[in-house]
Each structure stands twice: as C-alpha cells, then as structure tokens.
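Here the structure comes first, spelled out in structure tokens, and everything after it is commentary.
Values in this text are rule-based calculations from the coordinates and carry no lab data. Since we're looking at a predicted model, the values are computed, not measured. Cβ placement follows ideal geometry from the backbone for every residue including glycine, while neighbour counts extend to all protein chains displayed.
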Amino acid sequence: MTPSTLPVQKDPFSSRKPRVAVLKLASCDGCQLAFLGLGERLLELAAAVEFVHFAEMGPLGPLTDLDITFIEGSLSTREDLETVRSVRKESRYLVTIGACATSGGIQALRNLTSGESLSGIYPSPGFIDFLDRSTPVASEIPVDLELWGCPVTGEQILGALRSLLFGTTPPVEHDKVCLECKRRAIACVTVTMGVPCLGPVTLTGCGALCPSFNRGCYGCFGPSENPETSSLARKFAGLGLPPDEIARRFLFINSNAGPFREEGERWRGDHSHER
C-alpha cells in the first residue's frame, strides 16, 4: 500500500481532494512527527489529500469543512475542550492519535494528585485555565477512530487514511506484545532475565521494540483485550518489586486507561500487609 494509490471516492468526498487537519492539544508532538517521518511518502500523500491545517508541516488554515481530522494530545485546558467541540462539528471523520489523545497520556498523571502539584511546574498556574483532570478526547466528544501508541507509527497513519478514504475503518489490532516477541524470536525478558514487562497485557504495534533491546515493555500501545493485570502485578511482586514500583509500572504512559489505572491504584502505597 502506497499513499499515491490511495483511493479517493467521489462519494462521500465529491470531486475535490479530501481536506485533512492535524491538530495538537497538550502533547509532545511525537505523534505528529509520525507524519513527517514518512518522508517521501508524505509528499505522495499530500498529492492525494489537502492538508489544510498542520502546524508541524506549515499550513494553518481554518478548522472548517474538514473531511478527516487527526488530534494529538489530551484535554487539559478549557481551550482544548472548546477546540475539540468545534472541530467535531466541522469534521466528517475524527481520529485521535497517540496515548495522550486516546487515554490522557503522561498529562493524566496529575489526576492522581491534587491540583496544587501544578505549582511545581508552572510559576503562575493561575494564568492557565486548567481542567480539573487531563482526559482523552473521547471523554467529551464522539470519536470515529482511536490509534493507540506513544508515539503512533507512520504505518498506522497511512492505514487509517487509506481506510477512511474508502469510507471504512481499519481492522483493530488484538495481539499482545508477547505474540510479537514470539514472531520475532525474541526471548522473554521476564523469564530469562527477570525484567518486569507489560508485554502480556499490552497491545502490539511497536514491533516489540523494547524487548528486542532486553528491556521490559512500558505499555505504550495501551491495554490489550481482557488483560490479566492482577496476575502480572503478582508476578512483578514475585520479582521483588515493592507495591509503589508495581503501581508505577501501570500508572505511566497510559495511566488513565481503565485496566492499567485500576491495577495501579490497587498497588499505590505500601499495602503489602493486606496481601
């Protein structure tokens, strides 16, 4: 599949190029860089669609009459919330990309503390109209497609665009990182090295990047289908991790994702006397 052969249907997009926007909220820009990392393929893609708003690439056109909108970043301020509500009305398809947009990302770690923690980051936090919590975009508006990852990959972006231009959504990945390790003949870092790894409860999508370098998975692509987080947490305890460290494993990149948040909360603080 190459962007130059992306099919552009007259219905629903009529005879003009589909209008695409890439929007940033509270984030690090890493998922937008997945577009730029496509290199020559991005130029081919630009021949099939019109990027009307994409700050990282240059165009800053109005966020109106959009066919496909990609949103990176979590809802962290009142301005973020107003922006996504407006863009939702103007977009045929709305796609959230990356951990921040799909689960709240790193910013959602502040949900675990009091709002006073912001004073340690911003000298005058009162000037920023923060929401009480950092949340995923789908918590406030309907989303047509969520692409998980920290960051997402160029192949995810191209696959999503190709499917949406057909008027469909791409297939959902269900395999865990562990299966990717087996396909790539990567020895299990937990079994062979005693390294804590979230691979058994995390969706693949990265190609088992961290285990290929003898590091445990950080859960970048979010919780897998029916994740056995409690069993994995007990395994971590058996490896010698204290409760707070077990909690940090789950309350990290996708800390606001349901299964990870619930397991992490169960281990916050020293509750060893209860187990």
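Relative to the Cα centre, the charge distribution of the chain, modelled as +1 at Lys and Arg Cβ and -1 at Asp and Glu Cβ, gives a dipole magnitude of about 540 debye.
Express in whole angstrom the spacing between the alpha-carbon centres of the range 194-236 and the range 153-187. About 17 Å separates the Cα centre of the range 194-236 from the one of the range 153-187. Considering only S212, S255, S91, the Gaussian network model of the chain with Cα springs below 10 Å gives its largest mean-square fluctuation to S212.
Think of the chain as having a plus end and a minus end, set by charges on the Cβ of Lys, Arg, Asp and Glu; of L209, V143, H53, L209 sits farthest toward the positive end of this dipole. Residues considered: T135, T83, T102. Largest GNM mean-square fluctuation over the chain, using C-alpha springs under 10 Å, is found at T83. Whole-Hz Karplus values for the range 133-140 come out as 9, 8, 9, x, 4, 5, 6, 10 Hz, taken residue by residue from phi with 6.51 cos²θ - 1.76 cosθ + 1.60 and θ = phi - 60°; glycine and proline positions read x. Lys-Lys pairs in the chain that are eight or more residues apart or on separate chains and whose Cα atoms lie under 24 Å of each other come to 5.
Here the 3J(HN,Hα) profile of the range 55-72, calculated from phi with Karplus coefficients 6.51, -1.76 and 1.60 at θ = phi - 60°, is 4, 5, 9, x, x, 10, x, x, 8, 9, 6, 9, 8, 9, 10, 9, 10, 10 Hz, Gly and Pro shown as x.
Using a Gaussian network for the chain with springs between C-alpha atoms less than 10 Å apart, which of these wobbles most: E146, E56, E263? Looking only at E146, E56, E263, the biggest GNM fluctuation is shown by E56. Over all alpha-carbon pairs of the chain, lay out the pair-distance distribution in 10 Å bins, whole %, shortest bin first. In whole percents, the pair-distance histogram is 7, 27, 31, 23, 10, 2, 0. When the convex hull of its Cα atoms is viewed from all sides, the range 222-262 shows a mean projected area of 2.7 nm². Legend: translational diffusion of the range 14-53 by Stokes-Einstein, Rh = Kirkwood radius over C-alpha pairs, 4 °C, 1.567 mPa s; D = 115 µm²/s.
This model, with +1 at the C-beta of Lys and Arg and -1 at the C-beta of Asp and Glu, gives the range 3-165 a dipole about its Cα centre of some 280 debye.
In a Debye calculation with equal point scatterers on the alpha-carbon sites of the range 3-165 and no solvent, what is log10 I(q)/I(0) at q = 0.11, 0.12, 0.17, 0.21 Å⁻¹? Scattering profile of the range 3-165, log10 relative to I(0): -0.44, -0.52, -0.97, -1.39. By the count of neighbouring beta-carbon atoms within 10 Å, fewest first, S134, S231 end up ordered S231, S134. Each residue of the range 21-35 was assigned a 3J(HN,Hα) from its phi angle through the Karplus expression (A = 6.51, B = -1.76, C = 1.60, θ = phi - 60°), giving 10, 10, 10, 10, 10, 6, 6, 9, 6, x, 6, 5, 5, 4, 5 Hz with x at Gly and Pro. Only helices reaching 20 angstrom along their own axis (Cα) with mean Kyte-Doolittle hydropathy no lower than 0.5 count here, and not one DSSP H run of the chain does. Per-residue Cβ neighbour counts within 10 Å put I106, I157, I128, I68 in the sequence I128, I106, I68, I157, beginning with the fewest.
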